[in-house]
Amino acid sequence: MSNEPVEQQTVLQRVLDDINFIMMLGLVIPTVLYTLWGVMEVASLPIAR
Amino acid sequence: MAITTAQSPFRTDPLTGLRIDLTAQALVKTNAVLAVVFLLVGGLAGLLVALTRWPAVHLLPADLFYMALTAHGLVALVVWIVFFEMAVIYFCATSLLNCRLAAPKWAWAQVVLMTVGTAITTVAVLQGESSVMFSAYVPLAAAPHFYLGIILFAVGALIGCFVFWGTLVIAKEEKTYEGSLPLTVYGCMIAVVIAVFTLATGAVILIPAFLWSLGLIKSVDPMMYRVVFWGFGHSSQQINVTAHITIWYTVAGLAFGAKPMSEKVSRTAFLLYICFLQLGSTHHLLSDPGLSASWKIVNTSYMMYLAVLASLIHGLTVPGSIEVAQRRNGLDNGLFEWLRKCPWGNPVFSSTILSIIIFGFIGGISGVVMSVEQINMIIHNTIYVPGHFHGTVAGGTTLAFMGLTYYLVPVLFQRQLILKPLAAIQPWLFGGGMAVFAVALMGAGTLGVPRRHQDMTFAGQALAYDYGGMNQLLMAIGEIGGVISVVGGAAFILIIVGSILMGEPVPANAKCIVAPPADAGGHKKIGMGGFEAPGTFVLALTLFVCLVLYYFVNFKYLATLWPLT
């Protein structure tokens, strides 16, 4: 077992280094805020008669 | 010197000291060569467009103009850039992480699919039945193979992204690097995340359009198409922004030995891109009546400003890191000695710094201002919009890619550059012409000249409108700038292709072209007034003042156009 001190990483550093979490953020945020919200707005428009 | 291992052959590059995977090198070279070929195609189509929109020349009839405009938009805006980005991500993932490439056969599938897809779409455009421009808004119908080619291209690019991701996983498992990803690779990773969203969104909307063109589905809702398409169309440009900012950091490190002023701040700025940059797609839809003000304003005026903050951070830290490096290397007098004594004749540097200036002062400022819902009414669907995105994509991205190419040709092709005096002025020709083009078109657009129109004089039309002499002059100046930038682009292609085919081989004992870390002075105090990079601080304030002034000038102009009583 190593006796070297383990350097504490901040939460921000752990987030910045977690590439899979970044991939998740990069897909979810624009999908929800831009695509889904925008599509729902278009879909909720009343049909012209 | 080539070192062969059981798994994958490598060579150690004498110019950079990098250990290069030869399979990745072949892929990088292939993608880069294809990119330059398509830059030629896109540039020629752009020349035809410029010579038509120049009122005194007015070269092409309407049908050929729209064909050229479609080809220019697709090839210059997407094909050249994405091929080059594939080259960049493969190079960074393997050479900078000292790692083999994951799934080389899939990477070759990327090359084949993107090439075949481009060929199919290009044929569709040249057949004359698909002059629907880049956006291809339904119900404007293109031939089925137009959509099919784009879909194949997008699938190929998506495969390239996963090969990059797999390489990151291998590098981590095989411990080819310690700690965090190097900043350059980190920037590529961010670009790839944006690319995955972009390409998936493209598939969501282009596959229905393809099926509709085949008659397999009855219709695609035009408004739904616009919303989803711009998740693809605009986000593809956000990949470019991330990629060229990554290249700025790379060149600052390679040419000056510069280190980011704060790695954590730069990485956080990239994280802001991940969260907010793609939401800027909304600014294409700010005049669409069916979408609520809440959706528009949250996505542009609120969220996108956080992405703008990230761009301001990058715009401060890249020149700032160069300034700190220059000052540590002894150029510490006054505010701007470090800037005056930069290697302005070196195309690697001049391309990069011009990319920073044009992207920041022209593309960046105009992008922020046009994303304001009220101001957008002045310029929506005018020629201002092409002015803006030529400032970002051509002046920012293409110029940065040109700078990196000058650096990488001796490294990857092991050939020295030819025509060095021409190479010294080429970025100024391309960047200068593009800056004139962008500013003039933004001026004409502010005064109402429409985009996507073959004849601004409406000659022979029953419902003509006279935009006046000032607009004709602005369009002429702009298109002259466009022609100059095409000349600059042609010079770039001549130098690069000529160097690859006829350049002298790089000697085995060539001097290393990576600058040593600029910390030779140890803890020597640099800068002025407590600032390590005071010159950059002044330049950043200048940019900010320009942004604020331009913002309020546009609101003032809006008030004069639509006076409220």
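Table for the structure above
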| item | result |
| --- | --- |
| Expected 222 nm ellipticity per residue - DSSP helices of 4 or more, -39500 (n - 2.57), all of chain A, to 500 | -14500 deg cm²/dmol |
| Sequence of B:Lys524, B:Lys511 from largest to smallest accessible area, 1.4 Å probe | B:Lys511, B:Lys524 |
| At R0 = 60 Å, FRET efficiency that the Cβ-Cβ distance of B:Val33 and B:Ala559 yields, to 0.05 | 0.70 |
| Rounded if a/c under 1.5, otherwise prolate or oblate - segment B:356-507, Cα gyration tensor axes | prolate |
| Area of B:Met370 that stays accessible when all protein chains are in place (1.4 Å probe, Å², to 10) | 0 Å² |
| Solvent exposure of chain B as accessible area per residue, Å², 1.4 Å probe | 39 Å² |
| In degrees, nearest ten, helix B:183-213 long axis to first principal axis of chain B (Cα) | 30 degrees |
| Charge context of B:Phe10, other residues only, Cβ under 15 angstrom, K/R +1, D/E -1 | 0 |
| Segment B:Val538-B:Val112, length gained on full extension (0.36 nm per residue, minus Cα span) | 148.6 nm |
| Convex hull volume of segment B:223-321 per residue (C-alpha atoms, cubic angstrom) | 81 Å³ |
| Phi to ³J(HN,Hα) by Karplus 6.51 cos²θ - 1.76 cosθ + 1.60 over segment B:368-374, Hz, x for Gly, Pro | 5, 5, 6, 8, 8, 4, 5 |
| Total accessible surface hidden between A and B, rounded to 100 Å², 1.4 Å probe | 2700 Å² |
| Length added when fully stretched, B:Ala200-B:Thr457, from 0.36 nm per residue minus Cα-Cα | 88.5 nm |
| Shielding by other protein chains, A:38-48, mean Cβ within 10 Å | 5 |
| For chain B, projected area of the alpha-carbon convex hull averaged over all directions, nm² | 27.7 nm² |
| Surrounding net charge for B:Ile205, when Lys and Arg each add one and Asp and Glu each subtract one, Cβ distance under 11 Å | 0 |
| Inter-site label distance for B:Val487 and B:Ser262 at 7 Å from Cα along Cβ, in nm | 4.6 nm |
| Segment B:474-565: C-alpha gyration tensor shape, a/c 1.5 cut-off, then a/b vs b/c | oblate |
| Amide H contacts of B:Thr382 (H built 1.01 Å from N, under 5 Å, at least 5 apart or other chain) | B:Arg451 |
| Using alpha-carbon coordinates, inclination of helix B:80-91 to the longest axis of chain B, degrees | 20 degrees |
| Centre separation in Å (Cα based) which lies between segment B:374-418 and segment B:424-449 | 12 Å |
| Value of Rg to Rh for segment B:276-357 (Rh from inverse mean 1/r over Cα pairs, i.e. Kirkwood) | 1.23 |
| Amide H within-cut-off set for B:Arg415, under 5 Å, with H built and near neighbours excluded | B:Val506 |
| Average beta carbon contacts from partner chains per residue of A:19-26, 10 Å cutoff | 6 |
| Probe 1.4 Å - accessible area at B:Trp230, Å² to nearest ten | 20 Å² |
| Under Karplus coefficients 6.51, -1.76 and 1.60, residue-wise ³J(HN,Hα) of segment B:456-466 in Hz, glycine/proline x | 6, 8, 6, 4, x, 8, 5, 10, 7, 9, 9 |
| At R0 = 30 Å, FRET efficiency that the Cβ-Cβ distance of B:Asn509 and B:Ala424 yields, to 0.05 | 0.75 |
| Placed amide H near B:Leu101: partners under 5 Å, 5+ positions off or other chain | B:Ala24 |
| Whole-Å distance, taken between Cα centres, linking segment B:93-133 and segment B:236-260 | 23 Å |
| 0 to 90° range, to nearest 10: angle between helix B:22-53 axis and chain B longest Cα axis | 30 degrees |
| Two-decimal ratio, the protein assembly as shown, of alpha-carbon radius of gyration to 2.2 N^0.38 Å | 0.95 |
| Spin-label model distance (nm) - B:Leu473 vs B:Leu211, 7 Å beyond Cα toward Cβ | 5.5 nm |
| Shielding by partners, peptide B:266-278 (average Cβ within 10 angstrom, other chains) | 4 |
| Accessible-area composition of segment B:356-507, carbon plus sulfur, in percent [1.4 Å probe] | 71 percent |
| Label-point separation, B:Leu309 to B:Val57 (7 Å along Cα→Cβ), nm | 4.5 nm |
| Cβ-defined net charge surrounding B:Leu412, 11 Å radius [Lys, Arg +1; Asp, Glu -1] | +2 |
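The values are calculated or read from the model by the stated rules, or taken from the named source; none is laboratory data. All values derive from a computational prediction rather than experimental measurement. FYI the Cβ positions are ideal-geometry reconstructions off the backbone, even for glycines, and counts take in every protein chain you see. Calculation scope for accessible area: heavy atoms of the full protein, side chains included, ligands and nucleic acids excluded. Shrake-Rupley method; radii C 1.70, N 1.55, O 1.52, S 1.80 Å.
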